[in-house]
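K.L.:
Here it is: the structure, laid out below.
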């Protein structure tokens, strides 16, 4: 492989432009040589922005271009089939969230990866977010004692009227936000998920897909995890982590650690850590790490097995909602 990665982007909408193309362009490790998009307007913009070849058919692009890496930024229901075609062509493949609609799709992609010379990179920006990285460091120092509760929240209040409101296209907030909210809880617990209870709601959006969800997870080490997306004008804390000797609370700008002995709860020691950077992770930093992995063999934060674990939990949340009961994870 050369010192730069000949890269294509499939899907040049807002996310393809801002989160992927703009994140790669300053990095000499990436040479964006082609873009595929179904819309002529987006193809014309890509040709102007990137001075690259453009295609309406990604299979034609895979046949014509000499590529190392493809970033898939298309509608959710198309991710798995496109990723498998890219992997079967021997290409390293970035798949935006959700990388799969369910574990069957995820396992199909993993099988394609195993038989390919390519590597799959699930796109889970939360692992690069300032609050997650700060909290991971604080927990490693055992500042609040043994952890027994991890809560992850996000709230917003606005209509969506696009394909994300339709189940048939892989829409819904569980899939759209699940990796942002549920995946970090799984990783911070550092234990296999034992059982899951989930509830989905459709509160304000049109269509037939959920726009609110809650997941309650029990881990084998006894930790309880809660992840929630709620339509709300008032913001919730990003994380609330409770230990035997204190609480960690985060918002978009800071992480606060409150420590105390339960025998003397009035004596609280408080430390505040200011955060810098993009709330849900810096895309440029993610692509820096992808390049370092492919060109230098450096470790990458997200393994396919970790992403599969998250997808299995998302499936369990959905099944729990449908059955109205707790679901065991084998």
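K.L.:
Exactly one condition in (1) in a helix (DSSP H, G or I); (2) touching a residue at least 40 places away in the same chain (Cβ under 8 Å); (3) assigned by TED's automatic domain parsing to the domain that holds residue 177 is not met by residue 151; state its number.
P.N.:
Here residue 151 clears every test but (1).
K.L.:
Sticking with this one: Might you let me know whether the stretch 12-25 holds any residue that is touching a strand residue (DSSP E or B) at 6+ places or on another chain (Cβ under 8 Å), modelled with pLDDT of 95 or more, over 22 Å from residue 169 (Cβ atoms) and surrounded by fewer than 23 Cβ atoms within 10 Å (Cβ to Cβ)?
P.N.:
yes
K.L.:
Tell me which residues, restricted to the stretch 95-140, are in contact (Cβ under 8 Å) with a residue 24 or more places away in the chain, farther than 13 Å from residue 80 by Cα and not in a loop (DSSP other than H, G, I, E, B).
P.N.:
125, 126, 127, 128, 130, 131, 132, 134, 135, 136, 138, 139 - these are the residues of the stretch 95-140 that are in contact (Cβ under 8 Å) with a residue 24 or more places away in the chain, farther than 13 Å from residue 80 by Cα and not in a loop (DSSP other than H, G, I, E, B).
K.L.:
Within the stretch 314-330, does at least one residue satisfy the condition of being surrounded by 16 or more Cβ atoms within 10 Å (Cβ to Cβ), assigned by TED's automatic domain parsing to the domain that holds residue 132 and more than 27 Å from residue 173 (Cα to Cα)?
P.N.:
No - not one qualifying residue is present in the stretch 314-330.
K.L.:
Mind counting the residues in the stretch 206-220 that are within 20 Å of residue 170 (Cβ to Cβ) and either over 20 Å from the mean Cα position of the chain (by Cα) or part of a strand (DSSP E or B) (or both)?
P.N.:
Here the count works out to 6.
K.L.:
For the list (1) surrounded by fewer than 20 Cβ atoms within 10 Å (Cβ to Cβ); (2) in a helix (DSSP H, G or I); (3) out of contact with any strand residue (DSSP E or B) (no Cβ under 9 Å at 6 or more places or on another chain), I need the number of the one condition that residue 60 fails.
P.N.:
Every condition holds for residue 60 apart from (3).
K.L.:
Among the residues of the stretch 221-236, count how many are crowded, with 17+ Cβ neighbours inside 10 Å and part of a loop (DSSP other than H, G, I, E, B).
P.N.:
So the count comes out to 1.
K.L.:
Take residue 106 and decide whether it is in contact with a helix residue (DSSP H, G or I) (Cβ under 7 Å, 6 or more places away or on another chain) and outside the structural domain of residue 232 (by TED's automatic domain parsing). Write out each step before concluding.
P.N.:
Values: in contact with a helix residue (DSSP H, G or I) (Cβ under 7 Å, 6 or more places away or on another chain): yes; outside the structural domain of residue 232 (by TED's automatic domain parsing): yes.
Taking the combined requirement at face value, the residue satisfies it.
K.L.:
Turning to a different aspect of this structure: Scan the stretch 68-76 and give yes if some residue there is outside any helix (DSSP H, G or I), surrounded by fewer than 24 Cβ atoms within 10 Å (Cβ to Cβ), more than 18 Å from the chain's Cα centre (by Cα) and not assigned by TED's automatic domain parsing to the domain that holds residue 272, otherwise no.
P.N.:
Yes, that holds for at least one residue.
K.L.:
Here's a follow-up. Looking at 110, 149 in this structure, which one is exposed (fewer than 15 other Cβ atoms within 10 Å of the Cβ) and at pLDDT 95 or above?
P.N.:
Unique residue meeting the criteria: 149.
Yes/no matrix, rows are residues, columns are (1) outside any strand (DSSP E or B); (2) farther than 18 Å from residue 311 by Cα; (3) over 18 Å from the mean Cα position of the chain (by Cα); (4) not assigned by TED's automatic domain parsing to the domain that holds residue 96:
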site	(1), (2), (3), (4)
142	yes, yes, yes, yes
175	yes, no, no, yes
178	yes, no, no, yes
191	yes, no, yes, yes
199	no, no, yes, yes
204	yes, yes, yes, yes
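K.L.:
In the list 277, 170, which residue meets the criterion of being buried (at least 22 other Cβ atoms within 10 Å of the Cβ) and at positive phi?
P.N.:
None of the others qualify; the one that does is 170.
K.L.:
Filtering the stretch 296-308 down to residues that are in a helix (DSSP H, G or I) and touching a strand residue (DSSP E or B) at 6+ places or on another chain (Cβ under 7 Å), which residue is farthest from residue 30 (Cα to Cα)?
P.N.:
Checking each candidate, the answer is 307.
K.L.:
Pick from 29, 46, 34, 83: which is within 25 Å of residue 178 (Cα to Cα), buried (at least 17 other Cβ atoms within 10 Å of the Cβ) and in contact (Cβ under 8 Å) with a residue 24 or more places away in the chain? Write out each step before concluding.
P.N.:
Working: 29 fails: within 25 Å of residue 178 (Cα to Cα); 46 fails: within 25 Å of residue 178 (Cα to Cα); 34 fails: within 25 Å of residue 178 (Cα to Cα).
Answer to the check: 83.
The values are calculated or read from the model by the stated rules, or taken from the named source; none is laboratory data. The model shown is predicted, which means the values in this text are computed figures rather than measured ones. Neighbour counts run over all protein chains shown; Cβ positions are idealised from the backbone, glycine included.
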